[in-house]
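*Asks:* Here's a structure for you.
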């Protein structure tokens, strides 16, 4: 392990009072470290399509069977991926801090839950969840028939769709308001593997910073929020988060 990351982690000026309210925001970077593809030009048939051509309400209305075939393919790929040390470190951080920790994610792959995280704010939904496009009721896979696509709602006979936020759709108002409220109350905010260009999620670290939070960015690449972070760790989350967890554990033990 590089001595530079150990030195950077040791020099982080974290104190116990900053652990009063910890919020972590994760983006595609942490999932990419588990081998989850970004689905842009991935895989044979699907290389002919752009996500913007399939992940829209208009595409689903025009050809729901095609959209579902793409999402079932994506589900299969994601199911083959496993949580990485970054996911497990965040799950352990939740166990350590309890109600003082919140995880917000832009990802739809459920890897945080598979790693053991329980309190996850999913900004963009879950690729493994389903809801009716007509009556909006949600259903688990076991009550739906995927032999004929799209699955049909057992209540209103509407078409079932993946319960994710598509291009051109707004995030759930209650979910994003909750995310901003938690971010503004944060004393420590971790921006992990997010490009910080997709709004409104990209504004969460800045909302935390403006309200006094200590902002740490964990990302191998610089982003639009880098200049606002008090610390920018240019490492993978799988490397940096376990070390950050150890540092927070030491702070807890010494206090």
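The values are calculated or read from the model by the stated rules, or taken from the named source; none is laboratory data. The structure displayed is predicted, hence computed values, not measured ones. Here the Cβ positions follow ideal geometry from the backbone for every residue, glycine too, while neighbour counts run over all protein chains shown.
*Asks:* Has the range 206-225 got at least one residue that is under 17 Å from residue 5 (Cα atoms), surrounded by fewer than 17 Cβ atoms within 10 Å (Cβ to Cβ), assigned by TED's automatic domain parsing to the domain that holds residue 10 and in contact with a helix residue (DSSP H, G or I) (Cβ under 9 Å, 6 or more places away or on another chain)? Before you say what the answer is, go through the steps one by one.
*Replies:* Filtering the range 206-225 for residues under 17 Å from residue 5 (Cα atoms) gives 216-222.
If we keep only those that are surrounded by fewer than 17 Cβ atoms within 10 Å (Cβ to Cβ) too, we end up with 220-222.
Applying the additional criterion that residues be assigned by TED's automatic domain parsing to the domain that holds residue 10 yields 220-222.
So of that shortlist, the ones also in contact with a helix residue (DSSP H, G or I) (Cβ under 9 Å, 6 or more places away or on another chain) come out as 220-221.
Yes, because at least one residue in the range 206-225 is under 17 Å from residue 5 (Cα atoms), surrounded by fewer than 17 Cβ atoms within 10 Å (Cβ to Cβ), assigned by TED's automatic domain parsing to the domain that holds residue 10 and in contact with a helix residue (DSSP H, G or I) (Cβ under 9 Å, 6 or more places away or on another chain).
*Asks:* Further question: Take the residues in the range 1-29 that are part of a helix (DSSP H, G or I) and in contact with a helix residue (DSSP H, G or I) (Cβ under 6 Å, 6 or more places away or on another chain); name whichever of them is surrounded by the fewest Cβ atoms within 10 Å (Cβ to Cβ).
*Replies:* Applying the filter and picking the extreme gives 16.
Listed here are the residues, each with its yes/no results for (1) touching a residue at least 12 places away in the same chain (Cβ under 8 Å); (2) farther than 15 Å from residue 242 by Cα; (3) surrounded by 23 or more Cβ atoms within 10 Å (Cβ to Cβ).
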position: 78; (1), (2), (3): yes, yes, no
position: 82; (1), (2), (3): yes, yes, no
position: 86; (1), (2), (3): yes, no, yes
position: 95; (1), (2), (3): yes, no, no
position: 99; (1), (2), (3): no, yes, no
position: 102; (1), (2), (3): yes, yes, no
position: 118; (1), (2), (3): yes, yes, no
position: 121; (1), (2), (3): yes, yes, no
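*Asks:* So, in the range 67-126, how many residues would count as being part of a helix (DSSP H, G or I), closer than 20 Å to residue 33 by Cα, at pLDDT 95 or above and in contact with a helix residue (DSSP H, G or I) (Cβ under 7 Å, 6 or more places away or on another chain)?
*Replies:* So the answer is 12.
*Asks:* Select the strands (runs of 3 or more DSSP E) contained entirely in the range 145-218, then report the ones holding at least 1 residues which are closer than 19 Å to residue 120 by Cβ and in contact (Cβ under 8 Å) with a residue 60 or more places away in the chain.
*Replies:* Details: elements: 160-164, 188-192, 214-218.
In the range 145-218, the matching strands (runs of 3 or more DSSP E) lie at 160-164, 188-192.
*Asks:* Under 7 Å by Cβ, and 6 or more places apart or on different chains, what pairs join a residue from the range 235-250 that is farther than 14 Å from residue 24 by Cα and assigned by TED's automatic domain parsing to the domain that holds residue 22 with one that is at pLDDT below 95 and in a helix (DSSP H, G or I)?
*Replies:* 235/5; 239/5; 243/5; 243/9; 247/9
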